[in-house]
Each structure stands twice: as structure tokens, then as C-alpha cells.
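Below is one structure, written out as C-alpha cells; the observations come after it.
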Amino acid sequence: MTTNGALSKFRILDLTRVWAGPLGTRALGDLGADVIKISDPRIPLDSSARVNNKLNRNKRNIGLRLDTEEGRNIFLDLVSLSDAVIENFRPRVMRNLDLTYETLQSVNPTILMCSMPGFGIKGPYSEYPAFGSTAEAVAGIVSMIGYDSDRPLQTGLSYADPISGLNVVWSVVSYARRRARKGIGCHIEMPLSESPLGVVGEYVTASSQGVSMPQINGNKSQYFCPHGAYQAFGKDKWIALSVTSDDEWVSLKSVILEKELQNAEYDDFTMRKSSEKRIDAIIADWTQSRNPDDIVELLQKVGVPAGKVTNNLELLTNQHLQKRDYFVELEEEKWGLQKYDGQSIDGNQKPKNMWHSMRKVGEDNYLILRELLGFTHSQYELLSSNGIVGTE
Amino acid sequence: MESPPFGDPSRLTGPFLPNGDHPEKSALFLHNNTGKKSVLLDWSTNQGFKSLKRLIADADVLIEDWDLSTRRTKGVDANTFVSFNSQLIEVSITPFGLSGPYSKWKSSPIVQMAMGAIMNIIGIPDREPLMIPGYQPDYLAGTNACNSVAIALWERDHSGQGNFLEITMLETLANLHQAPLDMEGGIRHRNGHRQSALSTRGFAPGVCTLEANDGYVTFGGGSQGIWEQLCLMMGRTDLYEGKDFTDLTGDKELSDKVDWLLVKWMEGKSRADIHREASSDWQLPVAPVLTISETIEDIQFIYQGSFQELDHPVAGRSVYPSPPSSINEKRLPLSRAPLLGEHNSEYL
């Protein structure tokens, strides 16, 4: 086993921006890949909200003007020394820079290229801009969420982005294995709008045979009852619970002793479902005066699936995740020691003591140019003064 | 590997295709099991467990979702299988993991979405937080299991060694937040029909889902450039002139006004027109809210081959999402899900 992580001999040129791409390349970096993020030196990454900081740890950074001939040549020289290039521009950007798959292949015949366009490299919407929030809308996700059937609500979290980010990892690594065995690269095209289709696939398949979709109806489930979020004691405190079997119902009513729930008729799902509003009201009445953690503890003790509606700050101090050593603390020049989510992809990760926070734009310029391309310091100075490479 | 009598529990879970609850007609099972074979084996018996071990001895990857009590009953731990097949990659997928205070807790999709700080972002402030329907935590953890397997195989190609790996739903969900979890000390709140803010300053105006003539439309955004384009499109350059975009974030009055202006702009236009005009003429990330059946008919998805039609001896012809990528402009062809125990004679 290598000590620097499973992917330590794998070099990725990362042209991705914003979220989906950087989340994917972050994971590859956490697993040891040498990820070189290529940034436009005119656009800083660091900000007080630290969104880029979160998504760009464990990557080196070169600030390089791809829109100059010299910058583009440096990029192509790096391509010739790399295993994969990942980008999430609109298709015309790579075309205009003349950095299509064919061009990359001309300098590295086995390069892997992964493109993450919004809708596709070709096709009627190919040049339309897309964000995670608009991609989740075309993928049918938004049409399923809300309180009432006449008012769909967006997830608010740009759901297409994280799904795409996860999909990048297996796609790139799987084709990297094929490349290592057979010596052939390929161009992987993974549109942002396509990734969410898989997570609603059962509805796609059912709809294709004319089965009507469940109406938008809050957290109600066709198959489980009770099922939802119930207000607990405290400002905006909620717990979620779901009774997924008749046995779990029996357990639930052993905790919520309200007389009406003891009615044996409710031991049957269909009967519960027909009285769902009433049952929900009784549960809500019981939960509203209780501390959410106490409710969850009581319900879990008897085997009812229940959890607190957790906010981001609570998740960051979650005792279970702390115990499992999930989080990581990284030193940032501007913001000091900061705590971040760890890496959920288990495997031979880069040892945590070797993880580093986001590098500033251009922080590794000289090192990369010298180490990989043999630039002398004076050549580097010249590039800097011409603005071909630059720093934040 | 499915256990008798009914096989994978998802065979008994909906949505079902027309004409009934039938173990070969669950759309959930059919979608999640394309490209697989099925062996029906009762591994709760000694004999069955021996057969399972024989198959594992010869396998590259074992993916299982046994919880702690199942593992104890079967006498299985992290070394059990790897000990007689050193090249085996075993991936355990559980809601919370095999260790830690919640390791014995029960879970379900809504419980995961609650605990993973996802529900807290979805819905209207002061109202019940909402989940995303279906089995999202399962899908995402499944994708991560696929990630773990791919990386472990890569490593095994070099080292010859297998591994025991653990994927948990909660850890997966905790990775899927765009902003750092501390969010400058603020709480990320539900924001109704608008995008939930990524910083304590609140979100930009015009980043929301609004009603058009024939359905809903989502407007993406969050940058100076997009905000200026949006104002240009609405004919209201006065809204950004002389102002710094970041000063406008979190301005509720302005957000309400922009919603109204956008609804006015959409008047008399179909979602398809809005999509084309906003995206093509104004270069804005704007898209229609499609229902699932509209998604299947969408011209770009059709162009891309994002769906494939497969026949199935019991379930008949249905549409399935393709794997989310094409390779050198080609789609990998899907093959249908197996019938219960269809491949027993091949493997047992």
C-alpha cells in the first residue's frame, strides 16, 4: 500500500469551477491524487464565506491564462504529463480555446478527459447555461417537492451539483483502470442535468408505463405511515420519524401512550393511512412539548426510525461523526484553523496529517513549472511579468 | 444475491408498474438492478452460508448492507471474507456505520435527510422542513460505494490486495453541502421558493422558482454578472447601476420586487419559450420545472440518449435512465433487471 493515498500516482488537471466539479476533484485529491487546479489568475478563490476553500483542499494551484498562446502551450505541456483533465465549462469555452478532446489527444494520446457540461456538448440546449438549481428542475426533482400539489419548491441546495460531483469519481477512476490495462484514454461526457435522473429512476420507469406520479404532499409517503417531520420544543426544532412496518408502529405507540393510538385498528397500515391527519396531530401534540434529542432517544430505544432535523452547525458538532473521526481541521492563512467535513469515500485516503487547505490562486506556480516542466526562475519571472501566470 | 422467499425487499416496494404488486413489477427494483444477475440463496442456513462463502471466495467485490445485529447473528466481521480471499474488496453500506453512538439506530430516507442537515434547507421558513422524495440517501451512499470500489480496484491493480471499506449514508450526506458547515457561524435556513443562502448575508434576488403560464420555472444565479444580465432582460438596469451586487443580497423587499418583475416578464410565454429566450438570448441559467413524464420527452435528453427503453419478460417495455455519462459520444447499453433467481443454475 502506498502511504500517500490510493491515487497518489494519478495526476489530474482540474479546470472545474463552482461546485459539482470541485467536489469530485476534492474527493480524488482526498484519496491521494495529484490534483492541479488551474485557475484564472484574475479571479480570486478565497472569500469570507469560504465556499471555494471548502471544495478545493488537497489540490495544488496554478494561476494560468489559458486564453494566451503561451499559457495554452504550458497547459498542453502539462496535459502531456497528466492522466486526466476534468472541466465543467460550457462546450464553447473549450472549443474556443481549441482545447477539445482531439487537441488534448494530440499531445497525450491516452489522456482521459471528463467534461461536465450543463446539458451536453451537443444538442439543442448545449450552449445554455446551467446551475445545479436549474438542472434539478429539468430532471424532474423540483416537480416532486412541496407542501401542496399546485406549488413545487426547489430543493434550495442545487441538488444536481453534489450528485454530479460524486459521479465524477467512479467514472474517472473506472476509465483510468481501463487506460492502465489497455493503454486507451477516452472522453467522458457527464452533463450536470443528467446526474439527477438516476436518483428518480423508479419514477421514470413507472411513468414510462403510464403510472401517475404521487401528488406533491409534504413529507407524506405512499408506503409508510406515520411519516414526516414534527415540531419539537424550541424555536424551529423538529424531529423526523417514519414507521416503516406494523411492528415499528407497535413500538411507537408504546412510547406515545395517547389512548387513541392504542386503537388496534391502527395496527394495520391501511387503517393508519386513512387516519393519517388525526395520527399526525396526536404525534405533533406529543412532540411539541419535548426536547428533540430526548424524543429521538426514546424512539430509537424502541426501534422506531427517528432523527433530529439537524442544522449545519449542529451537524458540524455531531457526536457520532466526531467519534468516527469524520471531521478534519485545516489551517488557513487568512481564517486560521477551520473545521470541515471529512471524506465519506472510504479507502486508502491520503493521511489526514498530509491534507492541506485550499491553495491560493497561483500558489504553486513556480513549483509546478519547475518540477514538471523544467522552467528556470528567470523564465518563470518572465511569464509572471507578462501575466501568463499570476497569483491571487 | 437475494434471499427467499421474495428476494430483495425492493421487489415488494413501489412504485409498481400497472397491474399490481408483483415481485417482477417494482419500478424501484427494476431501475436499481439493471445489468445484474440474480441468485436466490437462503444464506441464513448453514448450508446456504457455505454456498455464499464459496461464491465470495471467487469474487472481486462484495457489497453488503448488513447491520450490526445481522453481522453478529451471522458471525461476520471485517475479516471474515477478506481472510480467505485476500483480493476481495468488501464494501459495507449502512445508515450510520458499524461503530459510534448511532451504530444501532434505525434509519429511513427521511431520518437521514433530517440528520444530514438537508431537510433544514428545504421548504418554507416556520413550516415543516421537507425531504426530497424517494430514496435519496440510499442512492447517494450507493454512488459512494461505487466510488470506493473503483478506487479500491485501482489500488488492487497495483498492490494485489483487497480491503474492507465502510460507506455510511450520514457521512455521505454531510459531504454534500456547498458551504462550509460552520457557515460563518450562521444557520442555513429554508428559504421557500428561493435558493437557500450560502452565507449569512443571504441570497441574491432572482434566484428562485416562479410560476409561468404553463407551469414553473427555476432561475439560477448568485453572481454580479448574472444579476446584471437578469436586470437587462427585465429592462431594469436601474436595479444594478451604481450598486454592488453583494450589498443587494438578503434584501427581501428587492427579492419580492424581482419575483414580481420576472412573473411579468414571463407573461404570455410558455416554459419552453422562457427557457430558450433566457438561456440563449440572455445567457442566464434558467430552466423549466419538468414533471418526470416531461423529462422523458425532453428534446435534449432524447438527443443525449439519457434514457433507454428495455424489454422485460414480466414487466414489459419501460424507460430507464442511462448511466449518467457517455464515453466517446457513445452510451453504454443497459440490460434489464434479472428475474428472481434467474441465474441460480449458472452460479450454484
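Computed from the coordinates by the stated procedures, all read-outs in this text should not be read as laboratory data. Not measured: the values here are computed from a predicted model. Don't worry about glycine lacking a Cβ; one is built from the backbone with ideal geometry, like all the others, and counts go over all protein chains shown.
Just to check, using Stokes-Einstein with a Kirkwood Rh over alpha carbon pairs, what's the diffusion coefficient of region A:48-178 at 37 °C and 0.692 mPa s in µm²/s?
In µm²/s, the coefficient is 191.
Where is the GNM fluctuation largest for chain B (alpha-carbon springs, 10 angstrom cutoff): B:S148, B:S92, B:S325?
Fluctuation is largest for B:S325.
Under a GNM of chain B (C-alpha, springs under 10 Å), which listed residue has the highest mean-square fluctuation: B:E277, B:E294, B:E309?
In this elastic network of chain B, the residue with the biggest mean-square fluctuation among B:E277, B:E294, B:E309 is B:E294.
Cut-off is 10 Å between beta-carbons; in what order do B:R188, B:R276 appear when sorted fewest neighbours first?
Ranked by crowding around the Cβ, least crowded first: B:R276, B:R188.
Please determine, in degrees from 0 to 90 and to the nearest 10, the orientation of helix A:160-182 with respect to the longest principal axis defined by the Cα atoms of chain A, where the helix direction is its Cα long axis.
50 degrees
Can you check what the Kirkwood hydrodynamic radius comes to for region A:177-217, Cα pairs only, in Å to one decimal?
13.5 Å
In whole Å, what are the extents of chain B along the principal axes defined by its C-alpha atoms, from largest to smallest?
Cα extents, longest axis first: 77, 47, 42 Å.
Take the Cα radius of gyration of region B:196-348 and divide it by 2.2 N^0.38 Å, with N its residue count; two decimals is plenty.
Output field value: 1.48.
Going Cα to Cα from A:K9, which lysines come in below 27 Å? Please leave out same-chain ones fewer than 8 positions away.
A:K37, A:K54, A:K59, A:K182, A:K350, A:K352, A:K360
Quick one: net charge around B:W66, please, counting Lys, Arg +1 and Asp, Glu -1 for every other residue with C-beta under 11 Å from its C-beta.
Combined, the nearby Lys, Arg, Asp and Glu give -2.
Per 10 Å bin from zero, what fraction in whole % of the C-alpha pairs of region A:227-314 is there, up to the bin with the longest pair?
18, 54, 24, 4, 0
Please name which of A:T16, A:I282, A:P226 has its Cα lying farthest along the dipole of chain A towards the positive end, using unit charges on Cβ (Lys, Arg +1; Asp, Glu -1) and the Cα centre as origin.
A:T16
In units of 2.2 N^0.38 Å, what is the alpha-carbon radius of gyration of region A:15-70?
My calculation over the Cα atoms of region A:15-70 gives 1.13.
Counting only other chains, what is the mean number of Cβ atoms within 10 angstrom of the Cβ of each residue in peptide B:16-29?
Per residue, the number of nearby Cβ atoms from other chains is 3 on average.
Limiting things to C-alpha atoms, what are the Rg and the maximum Cα-Cα separation (Dmax) for chain A, in angstroms?
25.4, 85
Using only the alpha carbons, work out the radius of gyration and Dmax of the protein assembly as shown in angstrom.
Cα-based Rg and Dmax for the protein assembly as shown come out at 25.6, 85 Å.
What percent of all Cα-Cα pairs in region A:328-372 falls into each 10 Å bin, going from 0 up to the bin containing the maximum distance?
Pair shares across the bins are 21, 40, 33, 5.
On full extension of the chain, what length is gained from A:L81 through A:E297, given 0.36 nm per residue of separation minus the C-alpha to C-alpha distance?
Full extension of this stretch gives 72.3 nm more.
Please determine, in degrees from 0 to 90 and to the nearest 10, the orientation of helix A:292-301 with respect to the longest principal axis defined by the Cα atoms of chain A, where the helix direction is its Cα long axis.
That helix lies at roughly 80 degrees to the long axis.
Cross-link candidates for B:K25: which aspartates and glutamates have Cα within less than 18 Å, leaving aside residues fewer than 8 places away along the same chain?
Excluding near neighbours in sequence, the set is A:E202, B:E2, B:D8, B:E309, B:D311, B:E342.
So what is the relative contact order of chain A, in percent, for Cα pairs below 8 Å that sit 6 or more residues apart?
21 percent
When DSSP beta bridges are limited to those with both residues in the protein assembly as shown, what percentage is antiparallel, rounded to the nearest 5?
50 percent
Run the helix sum for chain A: -39,500 (n - 2.57) per DSSP H stretch of 4+ residues, divided by residue count, reported at 222 nm to the nearest 500 deg cm²/dmol.
-10500 deg cm²/dmol
In what sequence, highest mean first, do A:270-281, A:26-37, A:41-52 appear when ranked by Cβ atoms within 10 angstrom?
Order by mean packing, descending: A:26-37, A:41-52, A:270-281.
Can you give me the Rg/Rh ratio for region B:41-177, using Cα atoms for both radii and the Kirkwood formula for Rh?
Radius of gyration over Kirkwood radius for region B:41-177 works out to 1.05.
Have a look at A:S158, A:S171, A:S251 and tell me which one the Gaussian network model of chain A (Cα, springs below 10 Å) gives the largest fluctuation.
Of the options given, A:S251 has the highest mean-square fluctuation.
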